[in-house]
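Read the structure below first, then the notes.
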Amino acid sequence: MRVLVTGGAGFIGSHLVDVLRERGHEPVVFDLRKDPGADVRDPAAVERALAGVDAVCHQAAMVGLGNGVLDAAEYVSRNDLGTAVLLAAMAEARVRRLVMAGSMVVYGEGRYVCPRHGTVRPGPRAVGDLEAGRFEPACPECGQDLAPGLVGEEAPADPRNVYATTKLAQEHLAAAWARCTGGSAVSLRYHNVYGPRMPRDTPYAGVASFFRSSLARGDAPRVFEDGRQRRDFVHVRDVAAANVAALEAEAREGALTAYNTGSGDPHTVGEMARALATACGGPEPVVTGAYRLGDVRHITADSSRLRNELGWKPAVAFEEGMAEFARAGMREG
Ligand SMILES: NC(=O)c1ccc[n+]([C@@H]2O[C@H](COP(=O)([O-])OP(=O)(O)OC[C@H]3O[C@@H](n4cnc5c(N)ncnc54)[C@H](O)[C@@H]3O)[C@@H](O)[C@H]2O)c1
Ligand SMILES: [Zn+2]
């Protein structure tokens with residue numbers, strides 16, 4: 001298959017290009033980082049790139065939490081305008097297959113179980129609670145402690161920041177494209193992706209990158225809140241393989257299908273910091289009690305749909321992946 005990989009020079013996209021080649025496909029990289037003319041918001045450039053293409057793997061986006069609402073317009077432009085231009089060009093060129101990089105951020109604050117009220121959805125955490133070190137969201141009905149559970153794809157969307165809002169809008173646009181054209185769209189809702197070539201720390205990077213970058217400087221990783229927030233850290237090569245599995249699967253026409261893409265082995269952020277510090281032989285992590293507004297407490301996926309329907313399974317275990325990541329090269333800027 002000839003596959004246009006938008007964002008193909010990025011962290012995940014570059015691994016995807018490798019896996020596509022290994023599987024005998026022909027990736028075509030379309031990325032601003034590689035070529036200033038390769039902008040998904042430029043209809044003429046996208047039209048040229050789509051020539052002879054069988055499928056599109058859409059990874060290009062502005063990622064991370066960014067600077068609150070200050071760079072909202074840039075997120076919307078790159079992520080949503082970019083996706084709209086790409087989809088319109090695909091409709092023109094009659095390219096019927098799309099796999100896009102979704103994100104677990106569309107779920108907001110995970111899924112929780114109250115002993116009295118069953119599954120509940122706590123709202124955004126209050127500044128007063130965070131200031132007082134009350135990091136766990138309480139039951140919205142009775143205020144009791146909650147147990148975090150695994151989020152399935154049917155969980156209602158609840159984006160909590162600008163980036164999350166743009167990732168959700170990308171899915172809605174792709175679903176509209178699929179309905180209008182009879183095309184097949186898959187959104188892989190990645191959890192926390194880590195691994196070689198992850199960019200160094202910027203306001204746009206992930207938590208594994210912050211810790212790894214601190215350790216590379218000889219500093220202790222600084223862990224927000226109490227370090228007990230849970231995440232699903234999934235290795236970048238596994239994420240790349242999930243994209244290829246989605247491309248090779250039988251197409252479901254006229255609709256978007258979403259798949260959680262996680263390792264299925266949740267860990268706390270504190271555990272991740274310790275695993276990296278140990279593997280680097282660096283200083284022990286420091287738990288700071290600081291917080292970022294817009295962060296969610298726990299978010300862990302149920303990725304069984306991806307395993308069952310696409311036959312994907314993660315190949316890199318947490319300990320092994322973190323040990324490799326501790327020594328792996330990172331991308332500058
Ligand atoms: N890294 C994660 O943990 C994670 C988690 C969930 C979802 N995602 C999604 O995965 C995708 C890839 O993310 P990544 O971590 O590899 O980030 P990245 O920044 O390394 O890669 C994104 C690439 O997109 C390119 N790009 C940005 N705007 C563009 C535009 N207008 N036209 C063409 N190219 C453009 C950038 O140059 C960059 O190389 C994104 O869609 C992101 O939202 C990532
Ligand atoms: Zn309750």
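Just so it is clear, none of the values below were taken in a lab; they were calculated from the coordinates. A quick note: this is a predicted structure, and the numbers were derived from the prediction, not measured. Please note: Cβ atoms are built from the backbone with ideal geometry, for glycine as well, and neighbour counts cover all protein chains shown.
In table form, for the structure just shown:
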| read-out | value |
| --- | --- |
| Test result for Arg228, of a type outside the set (Phe, Trp, Tyr), touching a strand residue (DSSP E or B) at 6+ places or on another chain (Cβ under 9 Å) and part of a loop (DSSP other than H, G, I, E, B) | yes |
| Test set (1) in contact with a helix residue (DSSP H, G or I) (Cβ under 6 Å, 6 or more places away or on another chain); (2) more than 30 Å from Arg94 (Cβ to Cβ) - Asn243 fails condition number | (2) |
| Strands (runs of 3 or more DSSP E) wholly inside segment 22-136 containing at least 1 residues that are in contact with a Lys or Arg (Cβ under 6 Å, 6 or more places away or on another chain) and polar (S, T, N, Q) | 97-103 |
| Filter result for Pro266 (surrounded by fewer than 22 Cβ atoms within 10 Å (Cβ to Cβ) and either more than 25 Å from Arg21 (Cβ to Cβ) or of a type in the set (A, V, I, L, M) (or both)) | yes |
| Top-ranked residue in segment 96-136 [being farther than 16 Å from Asp158 by Cβ and under 20 Å from the mean Cα position of the chain (by Cα); ranked as farthest from ligand 2 (Cβ to nearest atom)] | Leu98 |
| Breaking point among (1) on the phi > 0 side of the Ramachandran plot; (2) in contact (Cβ under 8 Å) with a residue 24 or more places away in the chain, for Val3 | (1) |
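Residues checked against (1) touching a residue at least 60 places away in the same chain (Cβ under 8 Å); (2) farther than 25 Å from Leu65 by Cβ:
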{"position": "Ala277", "(1), (2)": "yes, no"}
{"position": "Gly282", "(1), (2)": "yes, no"}
{"position": "Gly289", "(1), (2)": "yes, no"}
{"position": "Gly294", "(1), (2)": "yes, no"}
{"position": "Asp302", "(1), (2)": "yes, no"}
{"position": "Arg307", "(1), (2)": "no, yes"}
{"position": "Leu310", "(1), (2)": "yes, yes"}
{"position": "Val316", "(1), (2)": "yes, yes"}
{"position": "Glu319", "(1), (2)": "no, yes"}
